[in-house]
Structure formats: structure tokens, C-alpha cells
Amino acid sequence: MNETPATVLVVDDTQTKRYILSSWLRRAGHRVHEAAGGQEALEKVAELRPELVVLDVRLPDIDGFEVCERIKADPATASIPVIQISGKAVTPADRTEGLERGADVYLSEPVEPQEFTATVEATLRYSRARQRAEQMAARLALLAEVTRKINEAETFDHLLQVAVVGAGEMLRRHTEVLALPPDGRVRWYDGRAGGTAVANDGSPDMLERFERIAPDDQAGVRAVVLDPGDWPPGMPGADPAAPASGVLCRSKKGRPSVYLGTRTHSPLDPDEVNLLQQLGQALALAVDALRVYTEEHTIALTLQRSLLPSRLPEVPGIAFAVRYEPAAENVQVGGDFYEILPLGARLLVAIGDVVGHSLYAATVMAQLRYALHASIIGTEDLSEIMALLNKVLRRYHPGMTATVCMLIIDPATGEVELANAGHIPPLLVGEAAQYHGFGNLLLGVTDEVYRVDKLHLAPGHSIVLFTDGLVEERTMLLDDGLEIVRGISETIGDDLNDFCDRLTRRFGPRTDDVALVAVRRNP
């Protein structure tokens with residue numbers, strides 16, 4: 001008996017011949033269906049999708065050449081091999097026509113039983129090998145596409161969803177994935193039919209159960225099988241009573257593992273295990289990279305915020321609101337800063353931006369802030385303070401530049417002194433909103449005598465300062481961004497925090513850091 005029986009359709013209008021051919025096939029272990037004509041054959045091919053068709057050439061309704069041609073013309077049945085057999089159409093021209101019109105093999109009668117069954121086995125062997133190769137090629141193409149999507153994912157949940165859906169499409173199975181993001185909550189994604197995935201919070205010991213059966217903590221990919229009784233209770237799936245079969249992946253020694261697999265009574269074949277290993281390795285690397293990115297991003301934000309004022313002073317007669325919004329997709333710290341410092345009865349407000357995104361830029365920004373703190377001990381002259389910051393930058397960080405705008409406000413009189421070193425002009429908001437004129441050269445370029453302008457801030461009027469990260473983007477001119485800020489500032493209102501929120505919401509996530517300060521002299 002054949003070890004891999006096939007479903008075979010025998011088509012012949014002679015009952016005796018059908019019986020003989022079917023008997024040979026059944027003795028070889030195959031499942032046989034019969035048809036007496038061409039139209040019946042086409043209907044059964046569409047219904048049964050047999051693995052092989054044995055087709056007589058001379059049929060009463062549609063000849064075997066046309067039947068074969070129609071089978072091969074339909075994409076759904078084109079891969080089904082056809083053996084044409086005839087006792088009448090036996091000339092070289094007949095065999096040529098049969099092969100040219102789609103037959104995989106052409107036999108002339110009489111044919112010996114051994115020759116016939118051997119031809120059937122060879123045809124099935126070739127067809128199955130071709131189908132496996134085509135399936136593997138399609139799976140590898142899908143693997144490449146899923147790997148690309150994994151590398152493009154920006155969040156852990158999206159990353160795991162892409163992986164579990166992609167694994168399900170490759171294997172045509174219900175798949176699952178387990179991983180441990182930096183927040184410490186195990187994520188379990190259950191892949192569903194139709195390209196969807198359901199997220200669940202897994203129990204803390206879920207990955208540990210897999211790691212206990214594969215205790216080696218070295219990097220690599222291992223095939224694992226977890227018995228149904230060892231699977232955490234209460235977890236739904238395609239078949240909760242089936243063993244979990246898949247791969248456990250770790251990108252580096254000591255890192256948390258990632259599990260990718262399926263629960264099924266049908267074991268994974270070697271090709272499926274190999275595909276899961278490749279996808280699991282790509283997933284583990286992506287999870288690890290995203291984990292490192294998230295940790296670095298958190299450290300960067302913590303460092304950046306530690307360099308900003310820890311608390312703001314309370315100044316009678318003055319209200320203010322501040323915002324610092326880090327770049328949405330930048331791990332490195334930036335050089336944006338703001339300061340609000342009391343000067344006796346007056347108040348110093350400063351905002352600035354050191355060029356660049358790096359730890360070095362943040363270090364320069366911190367030194368400028370410390371120099372500003374030190375300078376106001378000896379003088380409250382904005383021109384001298386700005387000149388000192390310029391000297392510090394040029395002496396200790398040659399080649400670096402920064403923009404800074406500083407105000408000194410007297411809450412009692414509304415008098416304002418303003419010095420601007422290359423920064424976006426402050427926005428003066430009263431009956432209308434308008435930008436103050438441009439100031440001096442930015443810091444770090446050359447020696448400069450910094451002009452100080454005198455303004456008056458009437459009761460109820462405000463000043464808005466911000467860094468260029470708020471308004472700069474590739475798809476919009478700087479002037480257009482500045483005009484948007486000016487327009488929103490004309491309805492600044494009494495709640496400065498609400499105003500800052502409206503302003504940042506209008507521009508959305510930014511590609512650069514944003515510092516924002518709004519100051520109002522109370523009525």
C-alpha cells in the first residue's frame with residue numbers, strides 16, 4: 001500500500017476500463033473517484049480537487065484534450081497533474097497534442113499495471129515536490145514581508161500583533177506569542193482568523209513555564225513543546241486541550257525570552273518549525289531593540305527633565321505657564337531650556353536652544369543655565385549677562401551655537417527689559433498679538449554688544465516665548481507656523497495652562513523638542 005495515498009479521479013467512458021484502472025489505483029492505496037464523460041469530469045474536479053486526474057482522450061461529450069486544457073486554464077485547478085491515456089490516439093501527433101494542451105504524462109495502451117502505478121507514483125511525487133516548493137517560496141516571501149513589518153513597528157503591542165498575525169498566515173494555523181516588555185507585564189497575543197489578534201495580559205509565570213523546559217539562558221532559538229496540563233489555566237485558544245508547540249527565542253544571554261507557536265494536535269513539520277525559528281529570531285531581535293530604545297528614551301527624558309527647573313517661583317502680580325515637550329521619536333536629549341528666576345521684586349524669564357540633539361548639546365545647555373544663575377548674582381544688566389553667556393560658549397565650547405531670549409519684568413510697574421540673541425522673537429499679546437522685532441546675533445559666533453529693548457506690559461497683557469521646535473516642520477514654512485501661533489495667541493484667555501495645551505495640541509507630536517513659556521501681568 002502507498003504510504004501517502006492520494007485522491008485520484010479516473011475519467012473514461014468505458015466502464016470496464018474505468019474498473020481496471022481504478023482497481024490498480026486502489027491496490028496501490030489511493031482513494032479513487034470515477035467519471036464517465038468530460039463535463040462530469042470537470043464538475044468533479046471542481047468539487048473534489050483531486051491530486052491527480054487519469055483522463056481518457058476519446059470521450060463522448062468533450063474530448064480529453066479539451067478537458068485537460070480547461071483544467072489547466074483554471075488557476076484553482078491548474079496545478080493538478082493530468083495523465084492522459086488512450087488506446088486509439090497513439091500516434092506521435094496525438095501524444096504531442098496531448099502534452100502541448102496540458103497533459104503531464106501521455107500513455108498509450110496497452111499499459112502494464114506496474115508501469116501504470118509507477119507512472120502515477122512518479123507524477124504524484126513530482127507534483128507534491130513542486131507544491132511544497134511553491135508553498136515554501138510563498139511562505140518565505142511572506143516571512144520577508146512580516147520581518148519588514150516587525151522592523152518598522154514602533155510599539156510593543158504593534159510589534160507582537162504583526163508577528164502573531166504573520167505567523168498565522170504563514171502556517172495557516174491559530175498562533176500565539178508571549179513577550180515581556182520593559183513595563184514588566186507579560187503580553188500574550190492570540191492570533192485569530194482573518195488577520196486579527198487579541199491582546200491579553202498574561203500571568204507572570206507564563207514565560208517561566210517555557211523556560212523551565214528549556215532552561216538554557218544562552219542566546220538562540222529552541223523548539224519547545226508544552227503539554228496541555230502545563231499551560232496556564234484560563235487561557236483561551238484554538239484548542240486549549242492541545243499541546244503548545246513552537247519556538248523559544250532569546251537575542252542575548254540573560255534577556256527575557258519570546259515564545260511564538262501554536263496549540264494544535266497536528267504536529268509542526270520541519271518546514272514549519274524552521275519558519276517559526278526564523279520569524280522568532282527576527283521577533284526577539286526586534287523586541288530587544290525596541291526594549292533598548294524605550295529604556296534609552298526614558299533615560300533621555302529623565303535626564304532632560306532633570307536639567308529643567310524643578311519648581312517654579314510664586315511671584316505676586318505675575319502668572320505664568322510652562323511646557324517642555326520632548327521630540328516624539330528622538331532618543332537623544334536636546335538643548336532646549338527655560339528659566340524663571342526671581343530678582344528681588346523683579347522676575348527674570350529666559351528661554352533658549354543649544355543647536356543639536358545629543359548628550360553634548362544637553363551638557364552645553366546645562367552649563368549655560370548654570371552660568372546664567374551665577375551671572376545674576378553679580379549683575380542684573382541683560383546686556384552683560386548675555387555677553388557673559390556668549391563668552392562661556394565661545395571659550396569652553398567653540399563651534400557650538402545657541403539662541404537665547406531673556407526678559408526682566410517688574411510686576412509692580414509693568415516695565416520689561418528684553419535682550420534677544422538670535423531666538424524667535426517673543427510674542428506680545430495685548431489688544432492684538434504681534435511679534436517683537438528680531439534681536440542680536442546668536443551666541444557662540446563672535447563678540448557682540450547685546451542691545452536691550454524697553455517694553456511695557458500692561459495689566460492683563462501677556463508675553464509668549466517658545467523654541468523653534470514648536471513651529472518648524474518639513475511641510476510648512478516657518479512664517480506660516482509663526483502666524484498660527486500668533487492667531488491662537490489672540491484668544492489667549494485667562495487660563496495660561498489651557499492656552500499652552502491648545503497651542504501644543506494644534507501642532508501635535510513634534511520632531512524636535514519644544515520649550516514654551518507664557519507670562520501674564522495680572523490685572
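The values are calculated or read from the model by the stated rules, or taken from the named source; none is laboratory data. Just so it is clear, the structure is predicted and the values come from calculations on it, not from any experiment. Here the Cβ positions follow ideal geometry from the backbone for every residue, glycine too, while neighbour counts run over all protein chains shown.
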Within region 1-46, how many residues turn out to be free of Cβ contacts under 8 Å to residues at least 40 places away in the same chain, of a type outside the set (D, E, K, R) and within 13 Å of PHE116 (Cα to Cα)?
-> 3
How many residues of region 259-288 are of a type in the set (S, T, N, Q), surrounded by fewer than 21 Cβ atoms within 10 Å (Cβ to Cβ) and modelled with pLDDT of 80 or more? The answer is 4
Failed criterion for ILE463 (all others in (1) hydrophobic (A, V, I, L, M, F, W, C); (2) surrounded by fewer than 19 Cβ atoms within 10 Å (Cβ to Cβ); (3) not in a loop (DSSP other than H, G, I, E, B) hold) = (2)
Please specify each residue of region 476-494 satisfying the condition of being within 14 Å of ALA321 (Cβ to Cβ), assigned to a loop (DSSP other than H, G, I, E, B) and touching a helix residue (DSSP H, G or I) at 6+ places or on another chain (Cβ under 9 Å).
-> ILE492, GLY493
Kindly list the number of the only condition in (1) more than 25 Å from ARG95 (Cβ to Cβ); (2) surrounded by 14 or more Cβ atoms within 10 Å (Cβ to Cβ) that fails for THR4.
-> (2)
Filter result (aliphatic (A, V, I, L, M) and touching a residue at least 24 places away in the same chain (Cβ under 8 Å)) within region 110-139 | VAL111, VAL120, LEU124, MET136
Given (1) assigned to a helix (DSSP H, G or I); (2) in contact with a helix residue (DSSP H, G or I) (Cβ under 6 Å, 6 or more places away or on another chain), where does GLU384 come up short, assuming only one miss?
-> (2)
Among residues of region 109-140, those that are surrounded by 17 or more Cβ atoms within 10 Å (Cβ to Cβ) and touching a strand residue (DSSP E or B) at 6+ places or on another chain (Cβ under 9 Å), counted = 6
Restricting region 335-365 to residues that are of a type in the set (Ser, Thr, Tyr) and not in a strand (DSSP E or B), the one nearest to LEU407 (Cα to Cα) turns out to be THR363
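Every residue, every condition in (1) within 16 Å of LEU21 (Cα to Cα); (2) out of contact with any Asp or Glu (no Cβ under 9 Å at 6 or more places or on another chain); (3) at pLDDT 95 or above, yes or no:
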| site | (1), (2), (3) |
| --- | --- |
| ASP56 | yes, no, no |
| ASP94 | no, yes, no |
| GLY98 | no, yes, no |
| SER108 | yes, no, no |
| VAL111 | yes, yes, no |
Only unsatisfied item for VAL120, checking (1) within 26 Å of the chain's Cα centre (by Cα); (2) over 17 Å from LEU268 (Cα atoms); (3) at pLDDT 85 or above, is (1)
Of all residues in region 395-435, count the ones that are assigned to a loop (DSSP other than H, G, I, E, B) and either surrounded by fewer than 16 Cβ atoms within 10 Å (Cβ to Cβ) or in contact with a Phe, Trp or Tyr (Cβ under 6 Å, 6 or more places away or on another chain) (or both).
-> 9
So PHE499, is it among the aromatic types (Phe, Trp, Tyr) and at pLDDT 95 or above = yes
Enumeration of residues in region 71-107 that are over 54 Å from the mean Cα position of the chain (by Cα), surrounded by 17 or more Cβ atoms within 10 Å (Cβ to Cβ) and not in a helix (DSSP H, G or I) = ILE85, SER86, ALA89, LEU107
Restricted to region 156-168, and to residues that are in contact (Cβ under 8 Å) with a residue 12 or more places away in the chain and out of contact with any Gly (no Cβ under 7 Å at 6 or more places or on another chain), which residue is surrounded by the fewest Cβ atoms within 10 Å (Cβ to Cβ)?
-> ASP157
Output the residue which, of all residues in region 289-331 that are at pLDDT 65 or above and among the acidic types (Asp, Glu), is surrounded by the fewest Cβ atoms within 10 Å (Cβ to Cβ).
-> GLU314
